[in-house]
Amino acid sequence: MIVMLLCCKLGVYAQPADYTWTTPSKNSSESMPCGGGDIGMNVWVEDGDILFYLSRSGCFDDNNTLLKLGRFRIHLSRPFKQSSFRQVLRLRDGYVYVTDGPQTVSIWADVFKPVVHVEVAVEKEKVDAEVTYESWRTKDITLTKREAFQTSYKFAKPKDLKTVSDFVDPAPRVLTFLHHNHEETIFDATVHQQQLDSVKSRLYNPLKWLTFGGRMQGEGFSYKGKTTGRYASTDFVGWTYASEKPASKHHLTITLASVQSNAVDDLHAQLDQTQQETQWKKDKKLTRKWWNDFWQRSFIESSSPLIRNYALFRYMLGCNANSTWPTKFNGGLFTFDPEYVQVEKKASADEYRLSPDFRNWGGGVHTAQNQRLVYWSMLKSGDFDVMQAQFDFYLRILQNAEERSRQYWGHEGGCFTEQIENYGLPCYPEYGTKRPAGFDPGMERNAWLEYEWDTVLEFCQMMLERMRYQGIRYDVTTNSQQQVAEVAFVRSCLRFFDEHYQYLANQRGAKRLDGNGKLVLYPGSGGETFKGAYNSASTIAALRTVTCTLDDILGGDSLCQAFLKRLPEIPLQAIDGKTTIAPARLWERVQNVESTMLYPVFPWRIYGVGRDSLEIARNTYWLDPYARQFRSHIGWKQDNIFAACLGLTEEAMRLTTEKLADGPHRFPAFWGPGYDWTPDHNWGGSGMIGLQEMLLQEVGDTLLLFPAWPKSWDVHFKLHASWNTTVEATLKDGKVSYTVLPKQRQKDVRIMLQP
């Protein structure tokens with residue numbers, strides 16, 4: 001058992017501790033994350049040089065690969081002393097520095113504008129500095145079968161699929177690098193494949209003419225020359241800029257931009273504007289203040305690596321706080337050379353000797369079942385702003401999802417599939433490239449994904465929960481445009497289920513509802529697992545919870561109440577003479593390994609601690625043969641969350657400890673690959689959620705404190721709850737103290753700590 005020791009007082013949080021290495025790294029897999037705004041870097045020191053990969057959200061190429069912007073190499077004339085070497089992630093201020101005492105190199109990203117700063121400072125000495133921009137995309141790259149999995153074509157790779165080369169311009173004092181998409185991209189291939197050419201002009205397309213890149217420059221630096229080399233298994237070309245004379249201080253900037261325009265000059269104009277607005281010292285102050293405030297929003301602290309890894313992963317999520325695009329579940333902004341990922345043993349030795357752009361399961365395609373686990377924790381951590389990119393992702397593609405329903409079935413409501421592109425259509429290969437004549441054009445022909453439409457409902461619930469957490473009641477005359485749009489989005493998603501399942505029933509026979517006046521949710525799906533489902537428990541629970549929450553936010557709504565009356569009950573079954581939640585009323589086959597019979601526990605919170613029928617859900621956890629067979633802490637598995645929500649303290653301890661244990665790489669929060677890729681962000685996200693649920697849950701107006709937390713684990717935390725509430729509590733030596741704001745909610749606390 002882990003024992004956590006505290007040296008804090010209630011109401012005092014000294015910010016998270018630095019994370020430090022005292023030796024250089026062997027390769028990019030031993031890198032450390034650094035970032036801010038929407039920028040991510042992998043920083044490491046190898047053979048005396050500081051290197052970092054640079055990534056930015058939204059850098060999608062023609063094939064919807066999320067490309068890195070390049071690799072940067074910093075070389076100083078004075079070598080770092082190994083005896084006093086330190087590489088430090090300074091969490092409280094959001095940056096990485098490398099030092100040996102007298103010599104320090106700091107690397108940080110501006111939170112509010114897309115600029116990376118590299119600062120060199122040396123005491124009582126002057127040094128020369130060189131920085132080299134290294135690119136592996138200096139010519140078109142023909143992708144291998146495995147490499148195509150970084151694109152949205154994945155296993156349906158066209159012949160001679162290529163990543164198109166970048167443009168690099170090494171001017172005397174500034175280097176410019178950019179990638180420019182063509183007019184036609186995978187978007188056009190997908191639209192044609194899915195029989196939507198007639199409405200193509202109305203569809204949102206984020207890829208056409210997308211142009212992104214940046215400029216590298218520094219005062220007193222000039223172009224030295226071109227180099228070539230090979231890092232890991234990838235050839236590269238480098239362009240080196242060197243200081244014109246030794247100095248005790250050097251400063252370089254990498255300014256980034258992204259535009260959707262066929263005129264490359266528009267990118268240069270944006271770069272010019274950002275450079276004009278950059279004020280180095282002022283920007284540094286504002287960025288550090290943002291990170292300081294970020295850590296005060298919420299925290300969980302102790303001396304345990306479990307809690308340390310929670311903070312390290314939260315930092316990685318915070319690096320994409322001001323982004324237009326959500327954090328990807330399969331590596332986020334921090335992937336590294338794929339040959340260093342500990343992939344399955346059955347892979348051949350050469351299969352993953354690919355470029356640093358590679359990640360499994362695509363860059364622009366989003367797997368909603370995985371994405372959701374990246375974002376649920378942000379409610380209790382109070383990171384409401386970080387959630388915005390994921391919500392905007394869905395709002396941008398709503399029109400495309402609604403066009404699908406109209407074109408294919410002639411009804412309203414947004415149809416969101418499970419593997420969904422950043423333009424709102426099903427992923428090209430999962431839609432099915434071999435489809436029999438007459439097959440419903442609105443359907444994915446895929447054994448794992450068919451009829452799986454309910455994952456969008458988790459993001460509907462997140463939108464509504466964020467309003468509740470922020471204390472917002474809906475009023476169309478006073479709410480922000482964002483809130484109005486989110487409520488309209490939720491309505492559209494619910495409308496799809498209501499109209500589509502009545503449509504399907506009408507295709508089968510004369511009646512749109514069953515004999516009890518209820519919807520027949522068939523064919524349906526319990527995640528990717530229980531296929532051909534009749535009244536899936538996870539879908540019914542989702543529709544009930546989202547509709548009830550919307551009704552509550554609206555202060556009562558006749559459409560919500562009418563829809564609730566049409567929803568069937570969650571199916572139950574008996575196992576060993578005890579009542580349990582059934583995955584569905586019936587299902588045709590089992591395809592994957594998700595315990596969707598427990599989704600009514602989380603995320604839908606119909607069963608759980610402090611709720612009626614807790615015993616039914618606990619019976620399900622312990623007795624259901626699939627739930628037992630599928631149980632694990634790997635990847636997107638959420639058994640630790642189920643255990644916490646059911647008040648199963650020993651199980652929650654065990655599974656969450658396994659979840660948040662150090663990953664296989666040097667940086668302990670680089671988990672994976674699990675079922676996806678490294679760093680596995682849905683692994684980290686599910687760990688965060690489970691830890692939070694062990695500490696704080698809500699049932700109605702009641703705040704359940706320590707509902708699945710062991711009395712022997714000392715801890716100090718601050719988390720958020722609904723209606724603009726924060727709960728800060730300390731457990732030390734078995735004694736609890738807490739503060740709730742606003743104070744009138746103090747009466748709502750119920751301490752659940754078990755002996």
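The values are calculated or read from the model by the stated rules, or taken from the named source; none is laboratory data. This structure is a prediction, so every number in the text was calculated from the model and none was measured. Cβ: placed from backbone, ideal geometry, glycine included. Neighbour counts: every protein chain shown. Calculation scope for accessible area: heavy atoms of the full protein, side chains included, ligands and nucleic acids excluded. Shrake-Rupley method; radii C 1.70, N 1.55, O 1.52, S 1.80 Å.
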Self-check item: Candidates LEU494, LEU521 - the one that is open to solvent by 10 Å² or more (accessible area, probe 1.4 Å), under 27 Å from VAL593 (Cα atoms), touching a residue at least 24 places away in the same chain (Cβ under 8 Å) and not hydroxyl-bearing (Ser, Thr, Tyr)
Solution: LEU494
Quiz item: So, of the residues in segment 648-677 that are over 26 Å from VAL601 (Cβ atoms) and charged (D, E, K, R), which turns out to be surrounded by the fewest Cβ atoms within 10 Å (Cβ to Cβ)?
Solution: ASP662
Quiz prompt | Residue that is in contact with a Leu (Cβ under 8 Å, 6 or more places away or on another chain) and within 23 Å of PHE393 (Cβ to Cβ), where the choices are GLU430, GLU421 | solution = GLU430
Quiz prompt | Qualifying residue in segment 420-427 (condition: free of Cβ contacts under 8 Å to residues at least 60 places away in the same chain and either within 22 Å of the chain's Cα centre (by Cα) or open to solvent by 10 Å² or more (accessible area, probe 1.4 Å) (or both)) | solution = yes
Quiz item: Which pairs do you get when a residue that is touching a residue at least 40 places away in the same chain (Cβ under 8 Å), found in segment 499-518, comes within reach of a residue that is polar (S, T, N, Q), reach meaning Cβ atoms under 9 angstrom, with the pair 6+ apart or on two chains?
Solution: GLU499/SER405; HIS500/SER405; LEU513/GLN502; LYS518/ASN535
Quiz prompt | Residue ranges of strands (runs of 3 or more DSSP E) in segment 109-222 with at least 3 members under 25 Å from TYR423 (Cα atoms) | solution = 174-180, 210-218
Quiz item: Do you know which of the residues in segment 294-306 that are of a type outside the set (S, T, N, Q) and either modelled with pLDDT of 95 or more or open to solvent by 10 Å² or more (accessible area, probe 1.4 Å) (or both) is farthest from MET378 (Cα to Cα)?
Solution: PRO305
Quiz item: Where residues in segment 314-350 are among the polar types (S, T, N, Q), assigned to a loop (DSSP other than H, G, I, E, B) and buried (at least 24 other Cβ atoms within 10 Å of the Cβ), which of them is nearest to the chain's Cα centre (by Cα)?
Solution: THR327
Quiz item: Which of the residues belonging to segment 373-412 are buried (at least 20 other Cβ atoms within 10 Å of the Cβ), under 14 Å from GLU486 (Cα atoms) and in contact with a helix residue (DSSP H, G or I) (Cβ under 8 Å, 6 or more places away or on another chain)?
Solution: MET387, GLN390, PHE391, TYR394
Exercise. Restricting attention to segment 546-566, report how many residues are among the polar types (S, T, N, Q) and either touching a His at 6+ places or on another chain (Cβ under 7 Å) or open to solvent by 20 Å² or more (accessible area, probe 1.4 Å) (or both).
Key: 2
Quiz item: Of GLU588, GLU615, GLU594, GLU569, which residue is charged (D, E, K, R) and open to solvent by less than 50 Å² (accessible area, probe 1.4 Å)?
Solution: GLU594
Quiz item: Name the helices (runs of 4 or more DSSP H) wholly within segment 637-747 that hold at least 2 residues that are β-branched (Val, Ile, Thr) and within 23 Å of LEU598 (Cβ to Cβ)?
Solution: 649-659
Quiz item: Restricting attention to segment 479-487, does a residue exist that is open to solvent by less than 50 Å² (accessible area, probe 1.4 Å), assigned to a helix (DSSP H, G or I), among the charged types (D, E, K, R) and more than 17 Å from SER405 (Cβ to Cβ)?
Solution: yes
